[in-house]
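See structure below.
The values are calculated or read from the model by the stated rules, or taken from the named source; none is laboratory data. Just so you know, these numbers come straight off a predicted model, no measurement behind them. Note that we place each Cβ from the backbone using ideal geometry, even for glycine, and neighbour counts take in every protein chain shown.
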Amino acid sequence: MLYSPCKLRHLQKDTDEKNTSREDDDTSAEDNTREGSFKKRKFLPKELKEKFACARPSGKQVKDFNHHITAELEKLAAAYKSKKDTWRALGYQKAISAIRNYPRPITSREEALSIRGVGGRLADKVAEIVESGKLRKVAEVCEDEEAQTLQRFMGVWGAGPTTAHGWYIQGYRTLEDLREKGNLTRHQQIGLKYYDDINSRIPREEVAEIENYVRSAAHGIKKGLIVMVCGSYRRGRATCGDVDVLVTHPDGQSHETVFQPLLNKLRETGFLTDDLVTQEDNGNQKKYLGVCKLPGEGQKYRRLDVIVVPYCEFAPAAMYFTGSAHFNR
DNA sequence: AGGCTGTACTG
DNA sequence: CAGTAC
DNA sequence: GCCT
């Protein structure tokens, strides 16, 4: 995947330093500094702007007008996933993503049904939430001990539905049980160690701090390196589950030799505290998964992904890693 | 009825 | 190969 | 779960 002809190079002129300035606001000025062909962007029909997230100004934080709805559906999605009902969970997840991006509060079953990814069954559920504020199905599916325990166990990084079920069968119920009696893989030991931190959301301000930290380290190794956070941060979310950092270099070559030095530098300063997957090699693109912590008191441990790509793949990679996952399909 | 991305790592 | 994660 |  990610076949990315280097022809795309001309498309990404604005990515140098300071991507923070791009996430800001969509008022005024920004328009005329872009490519001339898009000058009339502000005149896009309203329907278009509402239908396609990519047709909306990308500044501003994304508002979730339907948080009360997605929050309920998330509970069911998590429960189904824990019960290995993978595809049902996927359907939920897709619908949740679509609803989250919907630009105004949903007020009827009909309106829900008009959203791609939301079918009759989910539209019914949306309607129930709109009317009563909650879903009876949630109590039915989520509030038994097994479901709760499975979901608790799946919060351990590296433990999925099968592992969680296995632990449940063995009689384990608490994280304490896992620590004492469970035999955990290396990943799961790390996942358990930082359970609370890893499962808490990261304020986007902190994501920006992490980005700056990584960028400084990168520039200490090679000037001109581009360091950009993708994922939910770049989609404008107020909080993020982890930090996806994309690294490249405009000279088209320096990315090849920067991966190890960068990781080593981040280790020396104590920023990287644990490695999960140290070298996923996807063609010429490399990925690191680990745990980091900003310097100073009271900082939490955060999940960090670092992806290094050749410059000619920068634009498609940025899109891919910005997601969301469902947008990519 | 049948697909829902494709790939790499770990054990 | 199964499980997990991206 | 949804979509084709």
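Just a few scattered comments:
- For beta carbons closer than 8 Å, sequence separation of 6+ or different chains, a first residue in segment A:276-291 that is more than 10 Å from DNA strand C (Cβ to nearest atom) and a second that is in a strand (DSSP E or B) and aromatic (F, W, Y), the qualifying pairs are A:T278/A:Y288; A:Q279/A:Y288.
- Scan of segment A:110-156 for residues that are in a loop (DSSP other than H, G, I, E, B) and either within 16 Å of DNA strand C (Cβ to nearest atom) or under 24 Å from the mean Cα position of the chain (by Cα) (or both), ordered by number: A:I115, A:R116, A:G117, A:V118, A:G155, A:V156
- Members of segment A:60-109 found to be of a type outside the set (D, E, K, R), outside any helix (DSSP H, G or I) and exposed (fewer than 15 other Cβ atoms within 10 Å of the Cβ), listed by number: A:Q61, A:P103, A:P105, A:T107, A:S108
- Residue in segment A:87-103 that is within 16 Å of DNA strand B (Cβ to nearest atom), in contact with a His (Cβ under 7 Å, 6 or more places away or on another chain), among the hydroxyl-bearing types (S, T, Y) and at negative phi present: yes
- Among the residues making up segment A:294-329, those that are of a type outside the set (A, V, I, L, M), crowded, with 16+ Cβ neighbours inside 10 Å and either assigned by the TED database to the domain that holds A:I190 or within 12 Å of the chain's Cα centre (by Cα) (or both) are A:R303, A:D305, A:Y320, A:F321, A:T322, A:G323, A:S324.
- Residue in segment A:147-161 that is hydroxyl-bearing (S, T, Y) and surrounded by fewer than 16 Cβ atoms within 10 Å (Cβ to Cβ) present: no
- All conditions in (1) within 16 Å of DNA strand C (Cβ to nearest atom); (2) outside any helix (DSSP H, G or I); (3) not β-branched (V, I, T) hold for A:G166, with the sole exception of (2).
- Residue check, A:V138 out of contact with any strand residue (DSSP E or B) (no Cβ under 7 Å at 6 or more places or on another chain) and within 14 Å of A:A79 (Cα to Cα): yes
- Among the residues of segment A:174-210, those that are in contact with a Ser or Thr (Cβ under 8 Å, 6 or more places away or on another chain), assigned to a helix (DSSP H, G or I) and farther than 14 Å from A:T163 by Cα comprise A:R204, A:A208.
- As for segment A:312-327, it holds no residue that is within 16 Å of DNA strand C (Cβ to nearest atom) and part of a strand (DSSP E or B).
- Per the conditions (1) away from DNA strand C (no atom under 16 Å from the Cβ); (2) farther than 13 Å from A:F65 by Cα, the sole criterion not satisfied by A:T107 is (2).
- Selection over segment A:120-152 of residues that are without any contact (Cβ under 8 Å) to a residue 60 or more places away in the chain and away from DNA strand B (no atom under 16 Å from the Cβ) gives a count of 18.
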